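Everything on this sheet refers to the single structure shown next.
The numbers here are math on the coordinates, done by the rules we state, and not lab data. A quick note: this is a predicted structure, and the numbers were derived from the prediction, not measured. Note: ideal-geometry Cβ built from the backbone for every residue, glycine included; neighbour counts use all protein chains shown.
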Amino acid sequence: MRFRRKNRSPPLLSHEFIIQNHADAAYFLVMVVFLGLIVESLGKVRGIFIAMQYNVTYTIDDNSEQFHFYDYGPKDFATIFFYMLVAINLHAVIQEYVLDKINRHLHLSETKHSKFNESGQLAFFYLFSFIWGASILNTEEFMMDPTSLWKDYPHSRIFQVKFFYICQIAYWLHALLELYFQRIQKEDIPRQLCYICLYIAHISGAYILNLQRLGLILMVPHYLVELIFHASRLFYFSDENNQKGFTIWALLFIMVRLLTLTLSVLTFGFGLTRAENPGFSIADGNFNVLPVRIGCLGAVCLTQAWMMWKFINFQLKKWREYVKRIFNETGLNDSRLFFQF
């Protein structure tokens, strides 16, 4: 695999050396794990990195049919680390073979170039995650019965759900490292760091607290909205007159915020409150107690309120820019222009 060409050889283990060679180092580590497949004595070690851990098999009554579920534990850190390395490799491939080639034709400014790369990477990720998450929802039919969000809590993880969450956590941890590897501009770091940490906190919380069904149902529409936004931004950079996608995004953004709040209140405020097995047990994965429910609902509500605040400020900023542009073109004063709208 060929990654970004190096124009010079920086000092060994310097910041520049790490930045230039981080994708090659991640690729080397991934290959080391795969080469371990050849050596039988390393079977248990390699399995910790590649395979899903903590497989639990159930047999109902006298039925010979077995059901395989997955718990979580410390070994998941090794699995997350491996798939984080895979995400770093995929990031490098998309950057070099897709985004860099498009950037050469667009001739964007430094600021737009950085935002184009950010949206390009996220658009690929959101598209993949939306399709994968929607297929799981369709297969398991979680959307057909709203009571499945709290019925039989704590829920046992099937392979697809656990693998989905492992990959999600791995991707957003990789995104933290890319803030350094991609030399993100200082003024953009707080914004990106904020939403990356929110993703890690919410997805990890749903995974640890056995709320994976609720988390999955909330992630899929959210990822669709984010996909539309970043795809619209990519089209905007290629043609600034192409802004129809932002209108669709704005409408869906508000609808998804309402859906998130509705399902969260329904689950934490009503469903889990009336669940048959309330209590707190780390061994059983049962966190259905009032402080946890209030904490989760509060975290969701505060996050949605923060997102709406950012959304309103974004729309007001765009409105001011639009009014200013019309004012410059027509020569009308602000008050006359306001009444025309």
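Figures for the structure shown
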quantity: All lysines inside 23 Å of LYS75 as judged from Cα atoms, apart from same-chain residues fewer than 8 positions distant; calculated: LYS44, LYS162
quantity: For a label point 7 Å along the Cα-to-beta-carbon line of TYR195, residues of region 105-122 with backbone N under 20 Å; calculated: 109-122
quantity: Helix runs (DSSP H) in the chain reaching 15 Å along axis by Cα, Kyte-Doolittle at least 0.0; calculated: 15-35, 76-94, 159-181, 189-208, 212-238, 244-264, 290-330
quantity: Computed over region 134-272: relative contact order in percent, which uses C-alpha pairs under 8 Å that are six or more apart; calculated: 30 percent
quantity: Overall dimensions of the chain by Cα: Rg and Dmax, Å; calculated: 23.4, 83
quantity: Residue list for region 195-233, given a label point 7 angstrom along the Cα-to-Cβ vector of ASP284 and an amide N cut-off under 17 Å; calculated: 209-211
quantity: Inter-probe distance in nm under a simple model that places probes 7 Å from Cα toward Cβ, at CYS301 and ALA25; calculated: 4.5 nm
quantity: Theoretical gain in end-to-end length, GLN315 to TYR180 [0.36 nm per residue, Cα-Cα removed]; calculated: 45.6 nm
quantity: Euclidean distance between Cα centres, region 247-310 to region 155-220, Å; calculated: 17 Å
quantity: Whole-number D in µm²/s for region 164-323 (Stokes-Einstein; Kirkwood sum over Cα pairs; 37 °C, 0.692 mPa s); calculated: 185 µm²/s
quantity: Spin-label model distance (nm) - PHE17 vs SER135, 7 Å beyond Cα toward Cβ; calculated: 4.2 nm
quantity: Dipole moment magnitude, nearest 20 debye, the chain about Cα centre, only Lys, Arg, Asp, Glu C-beta charged; calculated: 1340 debye
quantity: Net length gained if the chain between PHE270 and PHE327 were fully extended (0.36 nm per residue, minus Cα distance); calculated: 15.4 nm
quantity: Linear extension gain, VAL98 paired with ASN55, 0.36 nm per residue minus alpha-carbon span; calculated: 11.7 nm
